[in-house]
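The values are calculated or read from the model by the stated rules, or taken from the named source; none is laboratory data. These figures come from a predicted structure and were not determined experimentally. Here the Cβ is made from the backbone with ideal geometry for all residues, glycine too, and neighbour counts use every protein chain on show. Surface accessibility is based on the protein's heavy atoms, side chains included, excluding ligands, DNA and RNA. Shrake-Rupley method; radii C 1.70, N 1.55, O 1.52, S 1.80 Å.
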Amino acid sequence: MILQAKPFRTKLGNLFLQTLFADLGVNTLPPAVARSFCAIQIVPKDFDMNPLIEKLSWRYATKKFDPAKAVPTESVERIIEAVRLTATSSGLQPFELLLVTNPEVRQKIRAVSWNQAQITDCSHLLVFAAWDDITPERVNMMFDLTNEVRGFVNEGWENYRQQLLGIVGARGTEANYQAAARQAYIGLGSALAAAAFEEVDATPMEGFDPEAVDEILGLKARHLRSVILLPLGYRQAEGDWLVNLKKVRRDRNAFVTEVQ
């Protein structure tokens, strides 16, 4: 076993350190230690991160891309495939992905995205666009596709089709869009993990004018609404203030609640 110091904001953790220092002949807990409320976390000596966790630890929201470096087509396609395979509610896939490489279009998007350079400096720009409504036509399209691919019609599945048609019909257009947008974020998670696995940098961005982006990409005519942007590329360490800073996340004790 090995010992690691971790932030532990409890009186018990502070008491533990007081006892530890007392055993060392120190009667007063040093102020710096007292302020940190540190405790000692025991972890297995042979603890090792799996490859996915290692890649997720490596990734960060890149602030400056190297415009001279292009992501190989094979890597981009694997990232897109990960998004396509993403789990969605009822298997509807209520969003679409736009792959934007046209420099002029990306310049227009940058102009309505707080002038963020990642949009034009990246290798490829992904735009996640959700259905503007979950209509009966769209529900039926996905259920019919399922029947076609699987080669049979299931009575329970067809009963569920009717139930879902009733749900989305009663929920209304805006609520249906919000539901679709949340599904797009599941796809974003898949894209971030896949990009990290490819060692491709990716920066999720909400800082843009959705209506303006919709206009630039002609999304309204396709009954879509832009939700989030994801530039892909390779970091340029020089000029990126975040590249060498430690990743900051709450530790497990502060993040996870176990209900047993």
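Kindly provide the set of residues from segment 168-182 that are open to solvent by 30 Å² or more (accessible area, probe 1.4 Å) and of a type in the set (S, T, N, Q), ordered by number. Within segment 168-182, T173, Q178 qualify.
Give segment 154-211 a look and list any residue that's of a type in the set (S, T, Y) and within 21 Å of Q118 (Cα to Cα), or say none. Spell out the reasoning first.
Step one: list which residues in segment 154-211 are of a type in the set (S, T, Y), which gives 160, 173, 177, 185, 190, 203.
Answer for segment 154-211, where residues must be of a type in the set (S, T, Y) and within 21 Å of Q118 (Cα to Cα): Y185, S190, T203.
Where helices (runs of 4 or more DSSP H) fall wholly inside segment 65-155, the ranges with 2 or more residues that are free of Cβ contacts under 8 Å to residues at least 24 places away in the same chain, surrounded by 18 or more Cβ atoms within 10 Å (Cβ to Cβ) and not aromatic (F, W, Y) are 103-111. Looking only at segment 217-255, which residues are of a type in the set (A, V, I, L, M, F, W, C), exposed (fewer than 10 other Cβ atoms within 10 Å of the Cβ) and closer than 19 Å to A193 by Cβ? Of everything in segment 217-255, just one residue is of a type in the set (A, V, I, L, M, F, W, C), exposed (fewer than 10 other Cβ atoms within 10 Å of the Cβ) and closer than 19 Å to A193 by Cβ, namely F255. Restricting the search to helices (runs of 4 or more DSSP H) fully inside segment 173-260 and requiring at least 2 residues that are within 26 Å of A111 (Cβ to Cβ) gives 173-197, 210-217.
Counting just the residues of segment 52-64 that are touching a Lys or Arg at 6+ places or on another chain (Cβ under 8 Å) and part of a loop (DSSP other than H, G, I, E, B), which one comes out farthest from E238 (Cα to Cα)? Of everything passing the filter in segment 52-64, Y60 is farthest from E238 (Cα to Cα).
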